[in-house]
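These notes concern the structure reproduced below.
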Amino acid sequence: MSQGTILLIEDDPDIADLLDMTFAQEGFRLVHHSTGEQGLERLSQRDIRVVLLDIGLPGIDGHEVCRRIRASSDVPVIMLTARDGEIDTVVGLEMGADDYVTKPFSPREVVARVKAVLRRSEERSTAPDTVEVEGWRFDSGRRDVTDPDGNVVRPTAREFDLVWYLASRRGLVLSRSQILEAVWGYDYFGETRTVDVHIRQLRKKLDGVPIETVWGVGYRLGQ
Ligand code: CA
């Protein structure tokens, strides 16, 4: 069964060759374009399930491509970034990319990320739309949060995924690695602190949100 079409925007033909066979083995069709302009043109056919996007491209760069994609589409975007490209990564996530893979990567790793973003976007489309906990309202359709006083807050995409994961499992204690796996889609081995950092940001943005730290285990939202 076909898993759908993946769009690779990347000017290095070796990377395209590397990914092509692995995606085919997994039942995906990989279409490849080497400039952002061509990639955007191809995306307008609307059959693409995930975009794999290189940052350093001839013509418009990957960040600008990502910005233009987000202006008209929710298609998941995974950036392909250089090892020392930490700033590129941060900028890309701020432009609305869903995830990133650092070069050099194994094709298996890229396939795993693609499957993870697809799973997350499917979960988003089948889950209930809103959850209310202690006067807080979490709306997964609008991806915003209303506090008990009626103020609407729009967290970043990642922060919302995180708070929604907790809210839609209200009262359950969730471990950091569970949260990482669900929200980031795979194990950031040894980097569960990522969760703590995002929880801290959420508490700052959503003052008084009932997220409890469960000592030595993880987090729980509501009772
Ligand atoms: Ca490049």
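Numbers for the structure displayed
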{"quantity": "Calculated FRET value between SER73 and SER2, using beta carbons and R₀ = 30 Å, to 0.05", "calculated": "0.90"}
{"quantity": "More than 21 Å apart - percent of Cα-Cα pairs taken over the chain", "calculated": "57 percent"}
{"quantity": "Carbon/sulfur fraction of accessible area - the chain, other protein chains in place, 1.4 Å, %", "calculated": "49 percent"}
{"quantity": "Interchain or long-range residues, amide H under 5 Å from GLU212's placed H", "calculated": "ARG220, LEU221, GLY222"}
{"quantity": "Cα centroid of segment 104-149 to Cα centroid of segment 30-74, whole Å", "calculated": "22 Å"}
{"quantity": "Amide hydrogen neighbours beyond the local backbone of LYS103, cut-off 5 Å, H modeled", "calculated": "THR81, ALA82, ARG83"}
{"quantity": "Under-5 Å amide H pairs with ASP144, H placed in peptide plane, nonlocal only", "calculated": "ASP139"}
{"quantity": "222 nm mean residue ellipticity, helices alone, for the chain (DSSP H n ≥ 4; -39,500 (n - 2.57); rounded to 500)", "calculated": "-12000 deg cm²/dmol"}
{"quantity": "In order through segment 86-99: 3J(HN,Hα) via Karplus (6.51 cos²θ - 1.76 cosθ + 1.60), integer Hz, x for Gly, Pro", "calculated": "4, 5, 3, 5, 4, 4, x, 5, 5, 6, x, 5, 8, 6"}
{"quantity": "Vicinal HN-Hα couplings computed from phi for segment 16-33 (Karplus, 6.51 cos²θ - 1.76 cosθ + 1.60; Hz; Gly/Pro x)", "calculated": "4, 4, 4, 7, 3, 5, 5, 5, 4, 4, 8, x, 9, 9, 9, 10, 10, 10"}
{"quantity": "Å² per residue, accessible surface of segment 1-117 at 1.4 Å", "calculated": "48 Å²"}
{"quantity": "Cut-off 14 Å, label 7 Å out along Cα→Cβ of ALA82, residues of segment 10-39 by amide N", "calculated": "11-12"}
{"quantity": "Highest-MSF residue in the chain out of LYS115, LYS204, LYS103 [GNM, Cα springs under 10 Å]", "calculated": "LYS204"}
{"quantity": "Computed over the chain: relative contact order in percent, which uses C-alpha pairs under 8 Å that are six or more apart", "calculated": "13 percent"}
{"quantity": "Projected area, mean over directions - segment 5-123, Cα convex hull, nm²", "calculated": "6.5 nm²"}
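The values are calculated or read from the model by the stated rules, or taken from the named source; none is laboratory data. Being a predicted model, the structure only gives us computed values, none of them experimental. No Cβ is skipped: glycine too gets one built from the backbone with ideal geometry, and neighbour counts run over all protein chains shown. These area figures cover heavy atoms from the full protein model, side chains too; ligands, DNA and RNA do not enter into them. Shrake-Rupley method; radii C 1.70, N 1.55, O 1.52, S 1.80 Å.
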